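> Shown below is the structure under consideration.
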Amino acid sequence: MKRSREKRTWEAGKSVQVDICADEEVGFVATIDRVSIWLTKAEAQDMVATLTRALIRSAALANDEKPDLSPLALTAALQAILRSPN
């Protein structure tokens, strides 16, 4: 019996593509240029949180300010990122 192929699901930005792998455990393959990395759901969430904090810290450093890494600031930064065009 021929197995039916599941529809491939992914998200793509300007320079990053993320394939969503929904087998037994959800995972992600993030690809930037020629480099790909497999992430579990927990690792992907940690990656997003860490990159968000790094973006906040980078913006603060550029303005000689102290970074606000409070939960409210992280939420606001994530909302701004989600609203920005890719």
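The values are calculated or read from the model by the stated rules, or taken from the named source; none is laboratory data. Not measured: the values here are computed from a predicted model. Backbone-built Cβ (ideal geometry, glycine too); neighbour counts: all protein chains shown.
> Against the definition (of a type in the set (A, V, I, L, M, F, W, C) and within 25 Å of Pro85 (Cα to Cα)), how does Trp38 come out, yes or no?
Numbers: of a type in the set (A, V, I, L, M, F, W, C): yes; within 25 Å of Pro85 (Cα to Cα): no.
Answer is no for this residue.
> Quick one: in the range 34-45, which of the residues that are assigned to a helix (DSSP H, G or I) and among the charged types (D, E, K, R) is modelled with the lowest pLDDT?
First, the residues of the range 34-45 that are assigned to a helix (DSSP H, G or I): 41-45.
Going one step further and asking which of them are among the charged types (D, E, K, R), we end up with 41, 43.
Details: Lys41: 93, Glu43: 96.
That would be Lys41.
> Next question, about the same structure. With the requirement that a residue be free of Cβ contacts under 8 Å to residues at least 12 places away in the same chain and of a type in the set (A, V, I, L, M), what does the range 62-86 give you?
Ala62, Leu72, Ala76, Ala80, Leu82
> While we're on this one: Loosely packed, with under 12 Cβ neighbours inside 10 Å and either more than 12 Å from the chain's Cα centre (by Cα) or in a strand (DSSP E or B) (or both), is that true of Glu24? Spell out the reasoning first.
On the way: loosely packed, with under 12 Cβ neighbours inside 10 Å: yes; either more than 12 Å from the chain's Cα centre (by Cα) or in a strand (DSSP E or B) (or both): yes.
In short, yes.
> Scan the range 43-51 and give yes if some residue there is in contact with an Asp or Glu (Cβ under 9 Å, 6 or more places away or on another chain) and surrounded by 10 or more Cβ atoms within 10 Å (Cβ to Cβ), otherwise no. Before the answer, list the steps.
First pass over the range 43-51, keeping only residues in contact with an Asp or Glu (Cβ under 9 Å, 6 or more places away or on another chain): none.
Scanning the range 43-51, I find no residue that is in contact with an Asp or Glu (Cβ under 9 Å, 6 or more places away or on another chain) and surrounded by 10 or more Cβ atoms within 10 Å (Cβ to Cβ), so the answer is no.
> In addition: Looking for whichever is under 12 Å from the mean Cα position of the chain (by Cα) and either farther than 24 Å from Pro85 by Cα or not in a strand (DSSP E or B) (or both) here; the options are Val18, Val48, Val29. Which one fits? Break it down stepwise before answering.
Working: Val18 fails: either farther than 24 Å from Pro85 by Cα or not in a strand (DSSP E or B) (or both); Val29 fails: either farther than 24 Å from Pro85 by Cα or not in a strand (DSSP E or B) (or both).
Of Val18, Val48, Val29, the one residue that is under 12 Å from the mean Cα position of the chain (by Cα) and either farther than 24 Å from Pro85 by Cα or not in a strand (DSSP E or B) (or both) is Val48.
> List, please: which pairs have Cβ atoms under 6 Å, are six or more places apart or on different chains, and start with a residue in the range 38-60 that is closer than 19 Å to Ala76 by Cβ and small (Gly, Ala, Ser) and end with one that is modelled with pLDDT of 95 or more and not in a helix (DSSP H, G or I)?
Matching pairs, first to second residue: Ala60/Pro67.
> Can you name the residue in the range 61-86 that is in a helix (DSSP H, G or I) and in contact with a Leu (Cβ under 9 Å, 6 or more places away or on another chain) and, of all such residues, is farthest from Ser15 (Cα to Cα)?
Start the filter on the range 61-86 by keeping residues that are in a helix (DSSP H, G or I), which leaves 61-62, 71-83.
After this cut, where a residue has to be in contact with a Leu (Cβ under 9 Å, 6 or more places away or on another chain) as well, the list is 77, 81.
Numbers: Ala77: 20, Ile81: 15 Å.
Only one residue fits best here, namely Ala77.
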